[in-house]
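The values are calculated or read from the model by the stated rules, or taken from the named source; none is laboratory data. Remember, it's a predicted structure, so these values are computed and weren't measured experimentally. Note that each Cβ is placed from the backbone with ideal geometry, even for glycine, and that neighbours are counted across all protein chains shown.
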Amino acid sequence: MMVLFLGGSASGKSELAEDCAVALSAPSAFGSRRLYIATMQPFGEEARQRIERHRSLRAGKGFDSRDCYVDLSGTDTSGYDTVLLECMSNLTANEMYREGVGRPDWDGLADKICGDVSALREKVQNLVIVTNDVHSDGGGYDSETARYIGILGEINTRLAQQADAVVEAVCGIPVTHKGALPEGIGEGERKC
Amino acid sequence: MRLIVGGRASGKLGRVQALGYGMCDIYDGAQGLADEAFARPVLYNLQELVRDVMQNGGDPSALLQRIVEGGTQVVVCDEVGAGIVPVDRFERDWREAVGRLCCALAREAQIVERVCCGIPTVIKSDEA
């Protein structure tokens, strides 16, 4: 199953996605079969604090963790049935500003990133993806930022087409736009 | 408690009035932090109250307890997180604080509504 979680900042999307990945992955006697792919680069104190906050949210949920800043398709997922990828907004920014990539390359970037996600999708039974809603605050951005919003929007739309379920997090509440979540997600107590 | 969220000017105030509340029932968070904020049935513009608390060096997450204990019936807040993360540190922290407070309020609320073009959609209801 492929599930896409979308939401604004501090909308509770990460926790919903984690719970979804836990519900989807089969219990195993051989340890964790859930892999968390982290895309945030630890630049600066604030990023480190965010990463730490996410780590503590995930603690006890049985995820192994691997960093992947670019070229998602190269991540080794062997032995895992469920992958939680967080998040498309960081991954897209990382790909846009990686060494050797310039504006002319941005034309094909949505294709490249969606291709990487498809390759990952082929390798695992369940893929849960977190992405950001950066599309509803009225604009007024410089052309480069507008371009980023456009590329991420295209990626989100294409992933939503591919996904079995698309869920928006609103105040920690799952609002389903497509398909259905595994039973019990978002119904219990949530910490945000 | 009922939590009503939605974008700016999405018709939230109209929804509050449709529920039977008048302007005298409403405390506007833009007026800043005061005891009065928790004494009226409706707390409106919660995001501005959060801003005021933060500008004065306070802890916005403490608003949760005051709202719950004060017995506010309806809390209204703009959704502010769905844009590019701001460069300005305060604006970034403010968005984060508003979002987290709304997640916490949604857990306490019996009903959560999201308003779009004046149309409310119930996204959580503890009522049968």
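Tabulated data for the structure shown
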| quantity | calculated |
| --- | --- |
| Checking residue B:40 against (1) within 25 Å of residue A:140 (Cβ to Cβ); (2) in a loop (DSSP other than H, G, I, E, B); (3) of a type in the set (Lys, Arg), the condition it does not meet | (1) |
| Options B:114, B:51, B:107, B:100: the member that is touching a strand residue (DSSP E or B) at 6+ places or on another chain (Cβ under 6 Å) and among the basic types (Lys, Arg) | B:114 |
| Test: residue in region A:94-116 that is closer than 15 Å to residue A:1 by Cβ and either at pLDDT below 95 or assigned to a helix (DSSP H, G or I) (or both) | no |
| Of all residues making up region A:38-76, the number that are touching a residue at least 40 places away in the same chain (Cβ under 8 Å) and β-branched (Val, Ile, Thr) | 2 |
| Residues (surrounded by 15 or more Cβ atoms within 10 Å (Cβ to Cβ) and either touching a residue at least 12 places away in the same chain (Cβ under 8 Å) or assigned to a strand (DSSP E or B) (or both)) located in region A:126-138 | A:126, A:127, A:128, A:129, A:130, A:131, A:132, A:133, A:134, A:135 |
| Failed item, numbered, when residue A:148 is tested on (1) within 20 Å of the chain's Cα centre (by Cα); (2) modelled with pLDDT under 90; (3) among the hydroxyl-bearing types (Ser, Thr, Tyr) | (2) |
| Selected residue (criterion: farthest from the other protein chains (Cβ to nearest Cβ)) from residues of region A:160-180 that are more than 15 Å from the chain's Cα centre (by Cα) and part of a strand (DSSP E or B) | A:178 |
| Residue, nearest to the other protein chains (Cβ to nearest Cβ), within region B:95-119, restricted to residues that are surrounded by fewer than 20 Cβ atoms within 10 Å (Cβ to Cβ) and not acidic (Asp, Glu) | B:107 |
| Unique residue being assigned to a helix (DSSP H, G or I), within 14 Å of chain A (Cβ to nearest Cβ), buried (at least 18 other Cβ atoms within 10 Å of the Cβ) and of a type in the set (A, V, I, L, M) when the list is B:76, B:50 | B:50 |
| Qualifying residue in region A:44-61 (condition: assigned to a loop (DSSP other than H, G, I, E, B) and touching a helix residue (DSSP H, G or I) at 6+ places or on another chain (Cβ under 7 Å)) | yes |
| Tally of residues being surrounded by fewer than 17 Cβ atoms within 10 Å (Cβ to Cβ) and either more than 16 Å from residue A:15 (Cα to Cα) or out of contact with any Ser or Thr (no Cβ under 7 Å at 6 or more places or on another chain) (or both) across region A:30-63 | 21 |
| Criterion violated by residue B:61 - all others in (1) more than 14 Å from chain A (Cβ to nearest Cβ); (2) on the phi < 0 side of the Ramachandran plot; (3) not aliphatic (A, V, I, L, M); (4) not in a strand (DSSP E or B) satisfied | (1) |
| Filter result for residue A:79 (farther than 16 Å from residue A:120 by Cβ and at pLDDT 90 or above) | no |
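Per-residue answers, yes or no, for (1) in contact (Cβ under 8 Å) with a residue 60 or more places away in the chain; (2) within 14 Å of chain B (Cβ to nearest Cβ); (3) more than 22 Å from residue A:181 (Cβ to Cβ):
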residue: A:36; (1), (2), (3): no, no, no
residue: A:85; (1), (2), (3): no, no, no
residue: A:100; (1), (2), (3): no, no, yes
residue: A:104; (1), (2), (3): no, no, yes
residue: A:108; (1), (2), (3): no, no, yes
residue: A:117; (1), (2), (3): no, no, no
residue: A:140; (1), (2), (3): no, yes, yes
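Residues are listed down the side, and each one gets a yes or a no for (1) over 12 Å from the mean Cα position of the chain (by Cα); (2) among the charged types (D, E, K, R):
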residue: B:76; (1), (2): no, no
residue: B:79; (1), (2): no, yes
residue: B:90; (1), (2): yes, no
residue: B:94; (1), (2): yes, no
residue: B:103; (1), (2): no, no
residue: B:117; (1), (2): yes, no
residue: B:123; (1), (2): yes, no
residue: B:127; (1), (2): yes, yes
